[in-house]
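Input: a single structure, listed below in structure tokens.
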Amino acid sequence: MIVYQSTKQQFLDDSDNRDIEDLIRDAYLRKTGRYASESESRAWHGSLREMARVLRDRQIPNDTGIGVEFGIPQSGKRIDFILSGHAENGTPHVVIVELKQWSSARLSEKDGLIVANRGGRRETEGPHPSYQAWSYAALLDSFNEAVYDSGTELRPCAYLHNYRDDGVIRHPHYAPYLDKAPLFLRGDDELERLRAFIRQHVRKGDGGALLYQIENGRIRPSKMLADSVVKMLKGNREFVLIDDQKVVYETCLARSVEASPERKQVVIVKGGPGTGKSVVAVNLLVELTKRGLVTQYVSKNAAPRAVYAQKLAGHLRKAEIGALFSGSGRFHTADPNVFDTLVVDEAHRLNAKSGLYGNLGHNQVMELIRSAKCTIFFVDDDQIVTLADIGHTNELVQWANAAGAQVTMLELASQFRCSGSDGYIAWLDDWLGLRETANPDFDRDAFDFRIVDSPVELHDLIREKNKVNNKSRVVAGYCWDWNSKKNPNADDIVIPAFDYRAQWNLGRDGSLWIVADGSVEQVGCIHTCQGLELDYVGVIIGPDLQSRDGQLVTAPEHRSRMDRSIRGYKTLMKQDPEATRERVDRIIRNTYKTLMSRGMKGCYVYARHLTKPHTR
């Protein structure tokens with residue numbers, strides 16, 4: 001998506017004949033269905049007038065393509081300003097301009113980060129503008145097939161039109177990124193340098209044709225973490241960390257280096273589905289191990305660890321894999337501070353007790369903090385899906401304080417799953433009743449979401465999508481007994497009205513169901529897909545979530561008796577009915593949010609017991 005697209009001449013005419021920010025704001029509303037914020041309008045007012053000054057250069061072709069607020073595929077990120085044309089030799093070129101209104105900044109010791117006022121009331125640490133421009137170019141190159149196929153050269157830069165050089169913004173600390181994306185500041189000399197940069201790469205205009213091709217081009221297949229883990233452990237940069245991901249990564253590295261038995265560190269990183277928690281976690285595992293720090297990746301869920309181990313088989317010995325990846329129930333016997341850093345993914349799934357019968361240890365959160373000088377928890381309170389899950393943010397903070405640890409709170413907000421549609425996740429929260437978000441709908445062009453009329457149609461759609469790369473699956477709420485556990489020929493999920501029959505995934509493939517050949521015929525559950533991602537997910541919503549009198553309500557009595565997620569809730573109801581009802585209600589809603597946010601490209605839903613949610 002491009003909010004505004006024209007040529008240089010048209011952009012200058014629009015700037016001369018009306019307030020350019022009003023034009024962009026109107027276009028933004030038409031394209032996204034949302035109103036732009038006042039801060040965005042102010043930024044457009046200041047920065048786009050400055051870009052108009054830059055473009056009043058006769059040597060920059062009038063038919064140079066111009067785009068404002070260029071949406072990067074598969075992400076919620078937008079490039080501020082983009083120009084297209086051809087170099088002298090005919091090679092297509094795109095110039096990416098990151099615009100900032102800063103007038104001052106302070107140095108950060110962390111790689112690629114700088115401290116500045118980013119439109120709020122206080123200074124915050126975040127990516128240097130040159131890092132940001134370069135990372136956005138890398139993201140666009142990764143996702144857009146038109147860029148790749150056409151041989152387009154991407155040339156990122158940053159323009160801080162209010163900033164006079166003070167030795168900070170161009171400090172040698174940032175040299176690697178200044179080389180990748182030159183920085184232009186306030187002043188006539190700087191303006192001429194930016195003009196020269198544009199002229200160097202855009203000698204001939206293209207009427208915006210390249211921008212049109214990029215906007216409407218095919219999206220390249222997204223990298224999945226599980227497929228990239230081998231290359232990452234070999235030192236390859238598989239994922240460029242963007243914005244808040246970079247801040248979290250560098251801050252976690254810094255806390256790991258600072259940590260000691262006398263000064264324990266606990267970092268709590270909050271982030272919703274698709275914000276890159278696992279990507280950052282595995283990147284940390286790789287970098288900290290490379291630095292010689294004794295580090296393990298820890299998760300309660302067996303499925304992600306099983307998938308990573310399968311991908312690493314043949315590249316690392318089994319003992320080496322075991323030294324890098326661990327379950328959360330092994331630390332009740334660990335010595336204090338035996339690890340330099342523990343990277344705990346899906347921390348919301350931690351339990352109190354460990355062991356097969358839940359009779360070992362005292363509290364997994366406490367034991368993890370005790371075992372390491374630095375413990376990094378990645379957590380999403382909206383993915384607590386069983387009564388046994390205790391890893392709520394408040395629980396993490398409580399045990400960190402009890403250990404006398406220094407606590408650092410961070411957040412991942414940028415969406416990189418569900419085609420980068422922040423609107424879809426916000427709509428999902430609103431529809432499921434997790435929180436009011438004022439999102440009665442979302443941009444349907446950004447994410448392939450469908451409500452289908454039968455489970456047969458749903459499964460057929462997923463089978464068809466799965467033919468491409470074996471990365472599409474059907475999942476369901478745990479509302480059907482696991483009959484095939486004892487009888488391999490028995491059906492589990494049976495919906496007679498459509499003559500639909502399928503088995504749960506928990507048989508032959510176990511934790512590897514999500515990657516196993518042929519497992520598209522089976523139906524997954526929360527326990528074998530949480531923490532992992534698919535291209536397309538089909539979700540069968542069971543009778544534990546229903547519409548009654550126009551309201552979405554939960555019905556825990558319709559959960560399978562074999563599901564351990566809410567086992568014992570009837571006993572708890574007798575002790576504290578109100579609190580138990582609230583906990584169980586939240587678990588069911590969280591479960592469907594987790595299932596419906598596994599897809600990177602699309603989600604298809606069958607829901608017999610629900611009225612269809614409002615859609616455009």
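The values are calculated or read from the model by the stated rules, or taken from the named source; none is laboratory data. All figures in this text were calculated on a predicted structure; none of them were measured in a lab. Reconstructed Cβ throughout: ideal geometry from the backbone, glycine too, with neighbour counts over all protein chains shown.
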Which of the residues spanning segment 110-132 are farther than 30 Å from residue 446 by Cβ and in contact with a His (Cβ under 8 Å, 6 or more places away or on another chain)? 114
Of all the residues that make up segment 107-122, how many are surrounded by 14 or more Cβ atoms within 10 Å (Cβ to Cβ) and over 21 Å from residue 253 (Cβ atoms)? 3
In segment 222-247, the residues that are modelled with pLDDT of 80 or more, within 13 Å of the chain's Cα centre (by Cα) and assigned to a helix (DSSP H, G or I): 244, 245, 246
Do we find a residue being at pLDDT 95 or above, crowded, with 20+ Cβ neighbours inside 10 Å, of a type in the set (A, V, I, L, M, F, W, C) and not assigned by TED's automatic domain parsing to the domain that holds residue 301 anywhere in segment 566-574? no
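Could you tell me whether residue 454 is over 30 Å from residue 550 (Cβ atoms) and either polar (S, T, N, Q) or assigned by TED's automatic domain parsing to the domain that holds residue 593 (or both)?
no
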Restricting segment 1-15 to residues that are touching a helix residue (DSSP H, G or I) at 6+ places or on another chain (Cβ under 8 Å) and in a helix (DSSP H, G or I), which is surrounded by the most Cβ atoms within 10 Å (Cβ to Cβ)? 11
Working carefully through the options 273, 261, find the one that is buried (at least 20 other Cβ atoms within 10 Å of the Cβ), more than 21 Å from residue 111 (Cα to Cα) and in the same structural domain as residue 347 (by TED's automatic domain parsing). 273
Looking at segment 207-221, which of the residues that are of a type outside the set (D, E, K, R) and assigned to a loop (DSSP other than H, G, I, E, B) is modelled with the highest pLDDT? 207
Contacts under 9 angstrom Cβ, first residue in segment 459-483 being at positive phi, partner buried (at least 16 other Cβ atoms within 10 Å of the Cβ), 6 or more apart: 470/515; 470/516; 470/519; 470/520
Step by step: first the residues of segment 53-90, then only those that are surrounded by fewer than 17 Cβ atoms within 10 Å (Cβ to Cβ) and among the small types (Gly, Ala, Ser), then the one that is farthest from residue 16 (Cα to Cα). Which residue is that? 90
Restricting segment 248-276 to residues that are more than 25 Å from residue 601 (Cβ to Cβ) and in a loop (DSSP other than H, G, I, E, B), the residue that is farthest from the chain's Cα centre (by Cα): 262
Can we say residue 388 is within 20 Å of residue 530 (Cα to Cα) and crowded, with 16+ Cβ neighbours inside 10 Å? yes
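This table checks each residue for (1) touching a residue at least 12 places away in the same chain (Cβ under 8 Å); (2) over 19 Å from residue 46 (Cα atoms).
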residue	(1), (2)
158	yes, no
166	yes, yes
169	yes, yes
174	yes, yes
179	no, yes
188	no, no
191	yes, no
194	yes, no
199	yes, yes
Go through the residues of segment 536-553 one by one and say whether even a single one is free of Cβ contacts under 8 Å to residues at least 60 places away in the same chain, touching a strand residue (DSSP E or B) at 6+ places or on another chain (Cβ under 8 Å) and among the charged types (D, E, K, R). no
Residues located in segment 37-48, provided they are in contact with a Gly (Cβ under 6 Å, 6 or more places away or on another chain) and surrounded by 16 or more Cβ atoms within 10 Å (Cβ to Cβ): none
With in the same structural domain as residue 162 (by TED's automatic domain parsing), surrounded by fewer than 16 Cβ atoms within 10 Å (Cβ to Cβ) and under 24 Å from residue 212 (Cβ atoms) as the only criterion, which of 34, 25 stands out? 34
Does segment 247-255 include one or more residues that are surrounded by 20 or more Cβ atoms within 10 Å (Cβ to Cβ) and among the polar types (S, T, N, Q)? no
So, in segment 291-305, how many residues would count as being modelled with pLDDT under 90 and surrounded by fewer than 19 Cβ atoms within 10 Å (Cβ to Cβ)? 1
Residue pairs within 7 Å by beta carbon, gap of at least six or interchain, first lying in segment 94-112 and among the hydroxyl-bearing types (Ser, Thr, Tyr), second part of a strand (DSSP E or B), listed first then second, are 108/114; 108/115; 108/125
Report yes if some residue within segment 173-180 is in the same structural domain as residue 311 (by TED's automatic domain parsing) and crowded, with 19+ Cβ neighbours inside 10 Å; otherwise report no. no
Name the pairs whose Cβ atoms lie under 7 Å apart, with the first residue in segment 426-438 and in contact (Cβ under 8 Å) with a residue 24 or more places away in the chain and in the same structural domain as residue 588 (by TED's automatic domain parsing), the second surrounded by 16 or more Cβ atoms within 10 Å (Cβ to Cβ) and of a type in the set (Phe, Trp, Tyr), and 6 or more positions between them or separate chains? 432/592
Candidates 506, 461, filtered to the one that is under 26 Å from residue 308 (Cα atoms) and out of contact with any Lys or Arg (no Cβ under 6 Å at 6 or more places or on another chain): 506
